[in-house]
Amino acid sequence: MARVVLTPTGGGLVGPFEPKVFEALRDGLPDSYAVAPNFQLKQQGHSALEYDFVVLAPHAVFVVEAKEWYGRLTGDDTEWLINQTPRKCPLWLVDLKCKVLKSTLGAVGNQLWVEPLLVFPDGTQTSSGETGTETRSA
């Protein structure tokens, strides 16, 4: 079971999906991992960014964005369609959060691999990019 790291800017988990993701991360990852749920980081001259989860692994740091989107997701690196409703691609925001976290950590951040992850509910079908590669949740 992963350790839980509470942060000074941490808030509560939002909606019914985030507690499920939190439990899956906490209970499914080994004790060499840690999970920091729902906190904010302020970047200079900009609004604070809300982090759903950050997972600290022995080999990397993962910024996890939990999207409670159901149905069929398609798209590319600019726009996604959720059941044919357009949405801005969330990968840009998660990537920005990775960069802000890495820079906030300063010299330590330069030594870390920080990777973005998107998490969707079970049963959500996703298809992205030009190849039309499709994945399905378990």
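Of T124, T85, T104, which has the largest mean-square fluctuation in a 10 Å C-alpha GNM of the chain?
Looking only at T124, T85, T104, the biggest GNM fluctuation is shown by T85.
If you take every residue apart from P90 with its C-beta less than 9 Å away from the C-beta of P90, what net charge results, scoring Lys and Arg +1 and Asp and Glu -1?
Numbers: positive: K67, R87, K88; negative: E65.
Spelling it out: positives minus negatives among the neighbours equals +2.
Label 7 Å along Cα→Cβ of V108; region 24-56 residues with amide nitrogen under 13 Å?
Residues 56 qualify, since their backbone N sits under 13 Å from the label point.
If I fit a long axis through the Cα atoms of helix 91-104 and take the longest principal axis of the Cα atoms of the chain, what angle between them do I get, 0 to 90°, rounded to 10?
10 degrees
If one takes the longest principal axis of the Cα atoms in the chain, at what angle in degrees, from 0 to 90 and to the nearest 10, does the Cα axis of helix 17-28 lie?
Orientation of helix 17-28: about 60 degrees from the principal axis.
With θ set to phi - 60°, apply the Karplus curve 6.51 cos²θ - 1.76 cosθ + 1.60 along region 73-88 and write out the HN-Hα couplings as whole Hz, x wherever there is a Gly or Pro.
Values, residue by residue: 10, 9, x, 9, 7, 10, 9, 10, 10, 10, 6, 6, 9, x, 9, 5 Hz.
Multiply the residue gap between L117 and K99 by 0.36 nm, knock off their C-alpha separation, and tell me the result in nm, one decimal place.
5.1 nm
Mind running the shape call on region 56-99? Use the C-alpha gyration tensor, a ≥ b ≥ c as the square roots of the eigenvalues: rounded below 1.5 for a/c, prolate if a/b tops b/c, oblate otherwise.
In terms of gyration-tensor shape, prolate.
How much length is gained if the chain between V14 and E50 is pulled fully straight, taking 0.36 nm per residue apart and subtracting their Cα-Cα distance, in nm to one decimal? Don't jump to the answer; show the numbers that get you there.
Numbers: separation 36, 0.36 × 36 = 12.96 nm, distance 1.11 nm.
Full extension from V14 to E50 adds 11.8 nm.
Below 14 angstrom from the Cβ of G28, what's the summed charge of the other residues (Lys, Arg +1; Asp, Glu -1)?
Its environment carries a net charge of -1.
Is it possible to state the helix-based mean residue ellipticity at 222 nm for the chain, with each DSSP H run of 4+ residues giving -39500 (n - 2.57), the sum divided by total residues, to the nearest 500 deg cm²/dmol? What is it? Each step should come with its number before you reach the end.
On the way: 3 runs with 30 residues, N = 138.
That comes out to -6500 deg cm²/dmol.
Each reported figure results from applying straightforward, stated rules to the coordinates on display, with no laboratory input. Note that the structure is predicted; figures quoted are calculated from it, not measured. Because the Cβ atoms are built from the backbone with ideal geometry, glycine has one as well, and the counts that use them run over all protein chains shown.
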